[in-house]
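This report refers to the structure that appears directly beneath it.
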Amino acid sequence: MESFLEELAGYILGILIASVSLFFYLRGKRKKSRSNIEKIEKAKEMGIYEPVSLHPVVNESICIGSAACVMACPEKDIIAIVHGKASAVNTSRCVGHGACFHACPVQAISLYIGTEKRGVELPHMSEEFETNVPGLYIAGELGGMGLIKNAVEQGKQAVEYFMKKYPGKNKAQCDLLIIGAGPAGIAASLKAKEKGLSFITLEQDTLGGTVYSFPRQKLVMTNPMDLPLHGKVKLYETSKDELITLWKEVLEKNQITVNELEKVESVERKPDHFEIKSSKATYTSRGIIMAIGRRGTPRKIGCAGEVSPKVYYRLLEPELIKNQKILVVGGGDSAIENAMMLADEGNEVHLSYRSEAFSRLKPKNSEKINQYIAARKIIPLFSTTVTEITEKKVTLKGTDNPELITEIENDLVYVYIGGELPTQFLEKAGIHITKRFGEPILFHKEK
Ligand SMILES: Cc1cc2nc3c(=O)[nH]c(=O)nc-3n(C[C@H](O)[C@H](O)[C@H](O)COP(=O)(O)OP(=O)(O)OC[C@H]3O[C@@H](n4cnc5c(N)ncnc54)[C@H](O)[C@@H]3O)c2cc1C
């Protein structure tokens, strides 16, 4: 009898412990779910919920809430569990790793481009990356697929398709003109060299493309990339410096020069060749690989003195900039994030924004910038426009009241006022563009 009672007490205790654990587990899950709903609401409020490019879409009728996608995402906080199902939280930050797609045990995730509300403009191209302009090929993120390894793959393939369709030579200066030296343009240049083509690679900025201007060091590559004239690169987690150094070494070893700081301004199809006008020269080529990415060209203020070595459009190493008088121009997330980084290094930072208040900021930035302003770490100059930049000063006028002139001492200017999208450039070259409103790019065929 005694042993029966002991056994019964054991069972009851076991059940009690299990119930309490279950209670706390469910409470934790509910709490997490609530916080994820709040994140979604906040993202909607701040206008950053609608994805700008590739993003995951969850089929809720299939999802079992395993959270494998949440754990697999290298970017974090893009997808979360809400009421037991995966849900998009902050898809505007998705760069298209596709890790969620591969991790889902029940194939409930697809990767889409554009949404019903927000279309994404994509150039027309065939499966072989040729646009409607014969001989003009597109490679890399410009075509809609993000990621370094995809850009590298497409850069190589575009060159191969060009060679197959347009063999031989003509009077043009070179076989291929490659526009852009991000991962796609670099891979295209290496492939062209490997195949013995003559080519010129032009880059408006610095070799490395978007990777060079990442605000962070860490890079994730979910698959190895295969570089022509080098072989497989198995860097799953790397730094941008490591990757750019590798690209530079491979290009140098193969005597490939990239013409940096040379922007292509127009591309014209002539009867049997292309005429390309850049900021420095005019070229002719048999074919074109356009690998210009989707980030466009930074917009300029257009004020007197803007063309000056003290004016920058991106911040690469904030830790090296100290004790400077800096003006940051812009009121979006990039401007605010960079202004805060510069303030953290002990610089005197003014922030000029043409509107009277910030809008559409990420919630965290919105909160943080107010703290920096309250602590006088950043001095805001709302409703102002820069009119002149000189060696030691910047002059601003009131946006609504041009009589209101402010002059501040200044060593450096950082400008973040958006950019010209590549769409206009493509249209000028005769490439057809369509807006995609939510089309699956990566999906499970059997569905
Ligand atoms: C914040 C962030 C984080 C990311 N993290 C990762 C990651 O961890 N792993 C990953 O795989 N991918 C990541 N990506 C995506 C990856 O960077 C891009 O998919 C990739 O760089 C695209 O390569 P691309 O060569 O097509 O274009 P880009 O890298 O954008 O290069 C295009 C180049 O063309 C140049 N160009 C543009 N117009 C002209 C012109 N008219 N004349 C001359 N040159 C021109 C540009 O200056 C640029 O150098 C990230 C992206 C961002 C924004």
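Read the figures in this text as sums done on the coordinates, not as results from a lab. Because the structure is a prediction, the values reported are computed rather than measured. No Cβ is skipped: glycine too gets one built from the backbone with ideal geometry, and neighbour counts run over all protein chains shown.
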Q. For Leu426, what is the net charge nearby, where nearby means another residue's Cβ is under 12 Å from its Cβ and Lys, Arg count +1, Asp, Glu -1?
A. -1
Q: Report the extension gain between Leu421 and Asp226 in nm, rounded to one decimal, defined as 0.36 nm multiplied by the number of residues separating them, less their alpha carbon distance.
A: 67.3 nm
Q. Let a ≥ b ≥ c be the square roots of the eigenvalues of the Cα gyration tensor of the range 56-100; is it rounded (a/c under 1.5), or, if not, prolate (a/b larger than b/c) or oblate?
A. prolate
Q: Kindly provide the helix-only [θ] at 222 nm of the chain, computed as the sum of -39,500 (n - 2.57) over DSSP H runs of four or more divided by all residues, to the nearest 500 deg cm²/dmol?
A: -9500 deg cm²/dmol
**Q.** Prolate/oblate/rounded call for the range 311-418, Cα gyration tensor, a/c under 1.5 rounded
**A.** oblate
Q: Provide the net charge surrounding Glu242, with neighbours chosen by a C-beta distance below 12 Å and charges set as Lys +1, Arg +1, Asp -1, Glu -1.
A: 0
**Q.** Computed label-point distance, nm, for sites Glu237 and Arg436 using a 7 Å Cα→Cβ extension
**A.** 3.1 nm
Q) What nm value, rounded to one decimal, do you get for the distance between Arg295 and Gln371 when each label is placed 7 Å out toward the C-beta? A) 2.7 nm
Q | Extension gain from Thr406 to Phe24, taking 0.36 nm per residue of separation minus the Cα-Cα distance | A | 131.7 nm
Q. Taking Cα pairs under 8 Å and at least six residues apart, what relative contact order does the range 82-143 come out at, in percent?
A. 17 percent
**Q.** Other-chain or far-sequence residues with amide H under 5 Å of Ile178's (modelled H)
**A.** Ile200, Thr201, Leu202, Ile289
Q.
Give me the dipole magnitude in Debye, nearest 20, for the range 32-113 about the Cα centre, with unit charges on the beta carbon: positive for Lys and Arg, negative for Asp and Glu.
A. 160 debye
Q: Take the Cβ-Cβ distance between Ile62 and Glu41 as r, set R0 to 22 Å, and report the resulting FRET efficiency rounded to the nearest 0.05.
A: 0.30
**Q.** Under 5 Å, built H, 5+ apart or other chain: amide partners of Ala86
**A.** Gly65
Q: Apply 1/(1 + (r/R0)^6) to the Cβ-Cβ distance of Glu127 and Leu316, taking R0 = 45 Å, and write down the FRET efficiency to the nearest 0.05.
A: 0.75
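Is the C-alpha gyration tensor of the range 32-113 telling us rounded, prolate or oblate? Criteria: a/c under 1.5 is rounded; beyond that, a/b larger than b/c is prolate, otherwise oblate.
oblate
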Q) How large is the charge dipole for the chain, taken about the Cα centre, if only the Cβ atoms of Lys, Arg (+1) and Asp, Glu (-1) carry charge, to the nearest 20 debye? A) 480 debye
